[in-house]
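The structure appears right after this line, and notes come after that.
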Amino acid sequence: MTATSLDRLAEQYGIGYAYHDYRGELKPFSTATRIALLRAMGVDTTGIPALPITAETNHGTLAAGFPHVLVIQQGDPVAFAVPASALGSGPLAWTLVTEGGASESGTLDTSGSTHDESRTLHDEVFTWVVPLRHPPDLGYHRMTIRASTGEAVPVRLIVAPARCYEAEALKNQKRLWGITLQLYTLRSSTNWGIGDFGDLMELIELAAPLGCGLIGLNPLHALFPADPEHNSPYSPSSRQFLNPLYVCLTRIPEAQACRPLQSFLRSDGVEILERIRAKPNVDYLAVAALKLHWLRILHQEFRLHHMLAGTERARSFHRFVSAGGDALRLHAVFDALHLHLKDSSVATGGWPGWPAHYRDPASAAVVRFVAEHEGEVEFQLYLQWLAAGQLAAAQHLARQKGMPLGLYGDVAVGVSAGGSETWSNPRLYVTDAAIGAPPDPLALKGQDWGIPPQSPFELKRQGFDPFVNMLRQNMRSVGALRLDHVMALFRQWWVPRGCVATDGAYVHYPLAELMRVLCLESHRNGCVVIGEDLGTVPDAVREAMQRHAVAHYKVLLFETEPDGTFKPPFAYERCALAAVTTHDLPTFRGWWEAADIAIARRLDLFPDEAARMRVTDARTADRYRLMAALVRAGLWHWQPDEPLPVYSHALMRAAHLYLALSNAELAVVQLEDLAGMVDPVNVPGTYREHPNWQRKMSHPATSILHREDVREMLGAMSIARTGRNPN
């Protein structure tokens, strides 16, 4: 394979040749990396030339030339760019059936097509426009293209609005503030050792009267009931479904009439629950064992008192299962099967280690398992029903209490290789590569997150259904949704199996089409969209965000001018969510006291001592610059010749008021920062070395929000945001 032929083939499959790193230096991708990624996609790299992916089979047919899906903006023509060899001779017939059932059809003489200068590796490309009499409305429609030979190609037509949903509460320069938290970290006198939806509702009751407009949450995605220690919300089993450990048992109707549970809560359960609540970290093994045991008992109560009697509650469950379709049922089957295998060594790592006859959801063995374990599958469906119902109830409560947006959700960039999402749709995932990130100031060795990327070509072949369904499920019960690593809609850093993170390369995705789908689902669900655009983000992504009204994610610690000074509040973009810090960064106190640098040194995360010293010196300089910015904003009194102040609640207050004064339409404060905590939620680049996704809050949210200094600070944020005190 020559260098030129490799370049052409890699480009055809979306693999670039180089990128600019966080210092602006151009870094070429190695030949070995590009070949490894091509092979991971199933490309035979032993011979050249190779057919482009759109024509690797059926070359010279309609199926080779026409897309499986066409995504357009409302008002744009329905136009196809087609290789000349696919058009054949004679007119093409087309039929359009809209989402609402209306139909239209006609023919097109392709000899009159407009020539397009673009080329595939082997073919000229022509563009032709369907002469529709009635432009289709927003939605998902079906087209059929038929040749005179009888060959027919189905095309999914998606028509999207130009911009994402824009909430009425944010129009006319209105600004909101909110609180963000990791739900599992919440402490209370009622939960079972992990924060739950009951704690969330209690927090909403406390925060809404203070003027809070939104409550931000970590991803609530389904994890692994059979492997509770696999606890990262950013490496879930499925992004379409929920983690049942967040279910509040005492809010389940069956709990009130369950005598064994009520007896447990009055006797043995008192000491057991006090012990599990008192732990500094979430004990996932103990929590899962305890909650799943009693949830099974409540499921039996549900079957006895509702399913057998055919009550309205039973009918509600059946409607939920029916609406969830095959995707929900497959997820339930996965969890049931994984639990069935959990005592076997083959269960480690998820389904790739299962016996071969269980790895295919459609296999006879899986069908037989479902028939023999119908009750266990129903139990998993029951858990999802409970979780979805309690999350929806929390959003309803938030809106009822006057929160303009209510819940602000988060969706992970990918899923675990061994989870239900990859098991249910294995063709979509490239298992010989992992998503990560190139070296940056937060992780100088780069990052390998261990989650398999989706094939951009298979995603398109499936009509973007996986993306649509993921958005729909995550937007259903929130007023705003954060897309982690929004750059993934444009390109993802793929690390070939067996390589280190620095040996990865960027693979590109259809940004324009994915953004349009995002706009459509945002409108349909009335959901504001925030894109996490931190790190090395190409201009194309930020331009697309601006064009489609996807809010930026601005972190105070990174919002600096070229000379290092912190941007003044008026310089923040309007369409943005602003935060002082995030779950992947130290808490504000940890940052001010350089606790994160000490942790990184202890965990050997610096390439060398010189790098640690550079980071330490930069932190000192940043602390001085932040102090100067607070002084310029009139939020602190300090002279440059004075020593820096030690951390205090007053200092944390000043940093957050700085954001509250900003032009950003949304500003949030982490619950950890309100409590003055030091330990971070997560240390990027670590797995078992640090207790990521386990650390609990230092105090219950009720005690934090009842503190006078916290209430005064949040009142000041309300005044800064709205000009009025909620009290």
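The values are calculated or read from the model by the stated rules, or taken from the named source; none is laboratory data. Note that the structure is predicted; figures quoted are calculated from it, not measured. Note that each Cβ is placed from the backbone with ideal geometry, even for glycine, and that neighbours are counted across all protein chains shown. Ligands, DNA and RNA are excluded from the accessible area calculation, which covers all protein heavy atoms including side chains. Shrake-Rupley method; radii C 1.70, N 1.55, O 1.52, S 1.80 Å.
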Select from segment 398-407 the residues that are surrounded by fewer than 19 Cβ atoms within 10 Å (Cβ to Cβ) and part of a helix (DSSP H, G or I) and list them in ascending order.
R399, Q400
By my count, strands (runs of 3 or more DSSP E) wholly in segment 420-525 with at least 3 residues that are open to solvent by 20 Å² or more (accessible area, probe 1.4 Å) and either without any contact (Cβ under 8 Å) to a residue 24 or more places away in the chain or under 30 Å from V366 (Cβ atoms) (or both) are none
Reported set for segment 690-706 where residues are assigned to a helix (DSSP H, G or I) and open to solvent by 20 Å² or more (accessible area, probe 1.4 Å) is T702, S703, H706
Among helices (runs of 4 or more DSSP H) completely within segment 579-672, the ones holding 3 or more residues that are touching a helix residue (DSSP H, G or I) at 6+ places or on another chain (Cβ under 9 Å) and free of Cβ contacts under 8 Å to residues at least 12 places away in the same chain are none
Please go through segment 205-234 and give me each residue that is assigned to a helix (DSSP H, G or I) and either crowded, with 22+ Cβ neighbours inside 10 Å or without any contact (Cβ under 8 Å) to a residue 24 or more places away in the chain (or both), ordered by number.
A207
Could you check G195 against (1) in a loop (DSSP other than H, G, I, E, B); (2) surrounded by fewer than 21 Cβ atoms within 10 Å (Cβ to Cβ); (3) small (G, A, S) and say which number it fails?
(2)
Pick from Y165, Y234: which is within 21 Å of the chain's Cα centre (by Cα) and within 29 Å of T587 (Cα to Cα)?
Y234
Within the set of pairs 6+ apart or on separate chains, which have a first residue in segment 119-131 that is open to solvent by 40 Å² or more (accessible area, probe 1.4 Å), a second that is in a loop (DSSP other than H, G, I, E, B) and at pLDDT below 80, and C-beta atoms under 6 Å apart?
L121/P52; F126/S113
Whichever residue in segment 529-546 is in contact (Cβ under 8 Å) with a residue 24 or more places away in the chain and open to solvent by 10 Å² or more (accessible area, probe 1.4 Å) and, among such residues, is nearest to G216 (Cα to Cα)
E532
Checking the conditions here, which among D673, D641 is farther than 22 Å from P404 by Cα and open to solvent by 10 Å² or more (accessible area, probe 1.4 Å)?
D641
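Mind telling me which of the residues E521, E532 ends up being acidic (D, E), at pLDDT 95 or above and in contact with a His (Cβ under 8 Å, 6 or more places away or on another chain)? Let's see the steps before the verdict.
On the way: E521 fails: in contact with a His (Cβ under 8 Å, 6 or more places away or on another chain).
Just one listed residue meets the conditions, E532.
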Conditions (1) touching a helix residue (DSSP H, G or I) at 6+ places or on another chain (Cβ under 9 Å); (2) closer than 16 Å to S416 by Cβ; number of the one not met by G349:
(1)
Among (1) touching a strand residue (DSSP E or B) at 6+ places or on another chain (Cβ under 7 Å); (2) of a type outside the set (A, V, I, L, M, F, W, C); (3) farther than 30 Å from K174 by Cβ; (4) buried (at least 21 other Cβ atoms within 10 Å of the Cβ), there is one condition D410 misses while meeting the rest; what is its number?
(3)
Return the residue satisfying two criteria in turn: it lies in segment 593-605 and is under 21 Å from T582 (Cβ atoms) and not aliphatic (A, V, I, L, M), and of such residues it is surrounded by the most Cβ atoms within 10 Å (Cβ to Cβ).
D596
So how many residues does segment 1-19 have that are assigned to a loop (DSSP other than H, G, I, E, B), open to solvent by 90 Å² or more (accessible area, probe 1.4 Å) and modelled with pLDDT under 85?
1
Taking segment 144-175 on its own, how many of its residues are at pLDDT below 95 and either in contact with a Lys or Arg (Cβ under 7 Å, 6 or more places away or on another chain) or part of a strand (DSSP E or B) (or both)?
7
Looking only at segment 26-66, count how many residues are modelled with pLDDT under 85 and either in a loop (DSSP other than H, G, I, E, B) or open to solvent by 40 Å² or more (accessible area, probe 1.4 Å) (or both).
18
